[in-house]
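All remarks here apply to the structure that follows.
The values are calculated or read from the model by the stated rules, or taken from the named source; none is laboratory data. Small disclaimer: the values here were computed from a predicted structure and weren't measured. Here the Cβ is made from the backbone with ideal geometry for all residues, glycine too, and neighbour counts use every protein chain on show. Surface areas here come from the heavy atoms of the whole protein model, side chains and all, with no ligands, DNA or RNA. Shrake-Rupley method; radii C 1.70, N 1.55, O 1.52, S 1.80 Å.
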Amino acid sequence: MDNEVQGIVMPDYSIGFQCIAGECRHSCCVGWEIDIDDDTYEKYKTVTGPVGEKLRACICPPSEADEPQAHFIMAENERCPFLNSDNLCDLILNLGEESLSEICTEHPRFYKDFSDHMEMGYGLCCEEAARMLLTHSDPVRLIGLSESDDLRSKIFSLLQDRTVALDARIDNIFSLFSDSAVSPVIPSEPSDYAHWGAFLGSLEQLDPAWGIELTKLKDSEISSDDLDAFKTFMEKEGRAFEYENLLWYLIYRHLGEDPMEDEALLCIGFAVLSMRIIRYLGACRWKETGAFAKEEQIELCRMFSSEIEYSDENIDLIYDHIFDLSSP
Ligand code: SF4
């Protein structure tokens, strides 16, 4: 489906996004309870024939108590009941794309409403969105937004200054806030990663594979020298930009309009923490095998996004923890 929306700001790397449907290894139609908006629910009630019968059998209607919105009742292995054995959607095949509920139409897009414009992007919990971000080697640009000297533009400009090493660029970004009373504590030493491994391990998890990654974060003995050697490996592979892009995405997605200084600092702290954890996990794999493929990077980012970014509860707990560690 064509994804460009007139008048909405979006990153250049995501133009041309297409869901890869049956080729997707981590379909968004598995593992999530899928809500059905009210208009679509009413429409589904009128569908006739076998599809209509299946719709009525597979939808949990809204209840006033704790489920205000109708949703699909998940089938075996937490699959959407309309996801067929080829991993294609039977509703699209039988009723067309326009029959989908809002969340099925929009996912993995996210939108941000600014006072004078709207922005959108594609969440990294979608492996195709992650692939597009992590294969775009030029600095990311926003399409449809005029130049500005606001805080976010300054941050992006420092972040994309490729004459400087990425960790020094991060220091330069934090120096924009040198007058702030809050100073986010983000991991740099191996013991810091062990701390965050234990903390993230205490949060709700969806996929046991994420638990294995967190155990690595907690127990792996990656020294500062190992980490430096991994950074050199990524530079030689021409892949250092992957971490720049990841930080860019996290700031783009999570930094709101005109944030208070402390709010902006926490958001950047969260973005840097996330990037460094993903980089550390990459270093663990590289140390184990001497290699770290692009596909592994895509999978780490996808998993991180599904487990953390798509859980408001987990994000809130992480922000609180960064704040607790950072308070003067
Ligand atoms: S996760 Fe992305 S590529 Fe996979 S089915 Fe969903 S939208 Fe399509």
Could you do me a favour and compute the accessible area per residue for the chain, 1.4 Å probe, result in Å²?
-> 49 Å²
Geometric extent, Cα atoms of the range 29-106 - Rg, Dmax (angstrom) = 11.8, 36
With N residues in the range 1-157, Rg(alpha-carbon) / (2.2 N^0.38 Å) equals 1.22
Calculated Rg and Dmax of the range 83-234 using C-alpha coordinates, Å = 20.6, 59
Do any cysteines in the chain lack another Cys Cβ under 4.7 Å, and if so which?
-> CYS19, CYS24, CYS28, CYS58, CYS60, CYS89, CYS104, CYS125, CYS126, CYS267, CYS284, CYS301
Equivalent-ellipsoid semi-axes of the range 110-326, from the Cα gyration tensor, Å, largest first = 25, 20, 18
Return, for the Cα atoms of the range 172-292, the radius of gyration and Dmax in Å, separated by a comma.
-> 15.3, 44
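Accessible area, 1.4 Å probe, largest first: how do ASP86, ASP192 sort?
Listed by decreasing accessible area, they come as ASP86, ASP192.
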If you line up the long axis of helix 208-219 against the longest principal axis of the chain, both from Cα atoms, how many degrees apart are they, to the nearest 10?
-> 10 degrees
How much accessible surface area, in Å² rounded to 10, belongs to the heavy atoms of MET132 with a 1.4 Å probe?
-> 30 Å²
What accessible surface, in Å², does a 1.4 Å probe find on GLU189, ignoring ligands, DNA and RNA and rounding to the nearest 10?
-> 90 Å²
If you find the alpha carbon centre of the range 279-315 and of the range 71-99, how far apart are they in angstrom?
-> 28 Å
Residues meeting the amide H criterion for PHE110 (H placed from the backbone, H to H distance under 5 Å, 5 or more places apart or on another chain) are GLY121, TYR122, GLY123
With all protein chains present, the range 1-122 has a carbon and sulfur share of its accessible area (1.4 Å probe) in percent of 51 percent
Can you check what the net charge comes to around LEU95, using other residues whose Cβ is under 13 Å from the Cβ of LEU95 (Lys, Arg +1; Asp, Glu -1)?
-> -1
Could you order PHE114, PHE323 by accessible surface area, starting with the largest, using a probe radius of 1.4 Å?
-> PHE323, PHE114
Expressed as a rounded percentage, what relative contact order does the chain have, with Cα pairs under 8 Å and six or more residues apart?
-> 19 percent
Add +1 for every Lys or Arg and -1 for every Asp or Glu among the other residues with Cβ under 12 Å from the Cβ of ALA129, and state the total.
-> +1
Per-residue ellipticity at 222 nm for the chain, helices alone: DSSP H runs ≥ 4 residues times -39500 (n - 2.57), over residue total, nearest 500 deg cm²/dmol?
-> -15000 deg cm²/dmol
P(r), alpha carbons of the range 84-132 - 5 Å bins starting at zero, rounded % | 5, 16, 17, 19, 22, 11, 5, 3, 1
Got a sec? What order do ASP113, ASP161 fall in by accessible area at 1.4 Å, biggest, i.e. largest, first?
-> ASP113, ASP161
Determine how large the accessible area of VAL51 is when every protein chain is in place; take a 1.4 Å probe and give Å² rounded to the nearest 10.
-> 30 Å²
